[in-house]
1. Would you work out what percent of the accessible area of the chain, with all protein chains in place, is carbon or sulfur (probe 1.4 Å)?
2. Give me the percent relative contact order of the chain, please, defined on Cα pairs under 8 angstrom at least 6 residues apart.
3. Could you give log10 I(q)/I(0) at q = 0.10, 0.18 Å⁻¹ for the chain, computed by the Debye formula over C-alpha point scatterers of equal weight, without solvent?
4. Pop out the ³J(HN,Hα) list for region 38-51 in order, Karplus 6.51 cos²θ - 1.76 cosθ + 1.60 with θ = phi - 60°, rounded to Hz; leave Gly and Pro as x.
5. Spelling out what I want: for every residue of region 243-248, take phi, set θ = phi - 60°, compute 6.51 cos²θ - 1.76 cosθ + 1.60 (Karplus), and round to whole Hz; glycine and proline get x.
6. Over the chain, with a Gaussian network built from C-alpha contacts below 10 Å, which listed residue (Glu72, Glu221, Glu167) shows the highest mean-square fluctuation?
7. Compute a Gaussian network model of the chain, connecting alpha carbons closer than 10 Å, and tell me which residue from Ile149, Ile225, Ile175 fluctuates the most.
8. Taking only protein heavy atoms into account and a 1.4 Å probe, give the accessible area per residue of the chain in Å².
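The values are calculated or read from the model by the stated rules, or taken from the named source; none is laboratory data. These numbers were taken from a predicted model, which means no experiment stands behind them. Cβ placement follows ideal geometry from the backbone for every residue including glycine, while neighbour counts extend to all protein chains displayed. Side chains included, ligands, DNA and RNA excluded: accessible areas come from the protein's heavy atoms. Shrake-Rupley method; radii C 1.70, N 1.55, O 1.52, S 1.80 Å.
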Amino acid sequence: MNVLVLLAFILFILMILIGGKKGARSFFALFLNFGVLLFTIIFMTNPNIDPYIVTLIACTVISYINLFFINEVNSTTKTAFISTIITIVIVLFFIVIVTENAMIQGFGEEEIEELSIFSLYIGVDFVKIGASVIIMSTIGAIIDTAMAIASPMREMHHHHPSISKKELFTFGLSIGRDILGTSTNTLFFAFFGGYLALLIWFKDLSYSVGEIVNSKIFSAEMITIFCAGTGVALIIPITALITAYFLVKKGENKEKAI
């Protein structure tokens, strides 16, 4: 049996045993997300299509899959979805400014040797592609953080329906502070783990610390990490505010109906 098939089968069994139906939906969501990313890449190679628009549509679809398909439609997923979309739009504007000023688009000299036989004049705006890559790298962490805050806030409101918006918002921020440190560290190790071989190559080439820090690849990765951390930090107050408003207003409407 192919190793990939075996690993996928093991993951599928574990997700069903631990997560049940939700685990099975999570497994199939992996393939749906892969399909979205594949179509996104195909559309981005078309010079007539704006990568920013494609990125926003792709992020919206991915958010829909990871929130509504896996966790179904409820008050938690609705507020998490709205918070995610708002955060993505804000972070995208921020990333566009950073990308254009840092000029991290294109390829570094460590990569260009392998691509020298290919033509780079393909009519694609690498500045926009660079910004799109960063935002697509952060979407998973943003969705996870939104759900991690919205879910306990719903439980808190369920057990204490008389809680005020301010108290519920403060509760959400308190949860976010606990999540923020671990989420940013997760992003850091995820990105650098993928470029561990490159760091070893820098060492073999006897790069100085200054040359490593000023290399395009290293700078691009650090900017990606910082932008992802910014997105995770922003989603916390946004989710807490929207969830608190939605839940308290929903509770008030129920009281009026009674």
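1. Numbers: 10460 of 15050 Å².
So the carbon and sulfur contribution to the accessible surface is 69 percent.
2. Details: 240 pairs, mean separation 63.3, N = 258.
This gives 25 percent for the chain.
3. Taken in order of the listed q values, log10 I(q)/I(0) reads -0.61, -1.43.
4. 5, 5, 4, 4, 4, 5, 5, 7, 8, x, 8, 10, 6, x
5. Result, rounded to whole Hz: 5, 4, 4, 5, 5, 5.
6. In this elastic network of the chain, the residue with the biggest mean-square fluctuation among Glu72, Glu221, Glu167 is Glu167.
7. Among Ile149, Ile225, Ile175, the largest GNM mean-square fluctuation belongs to Ile175.
8. Values: 15050 Å² over 258 residues.
The answer is 58 Å² per residue.
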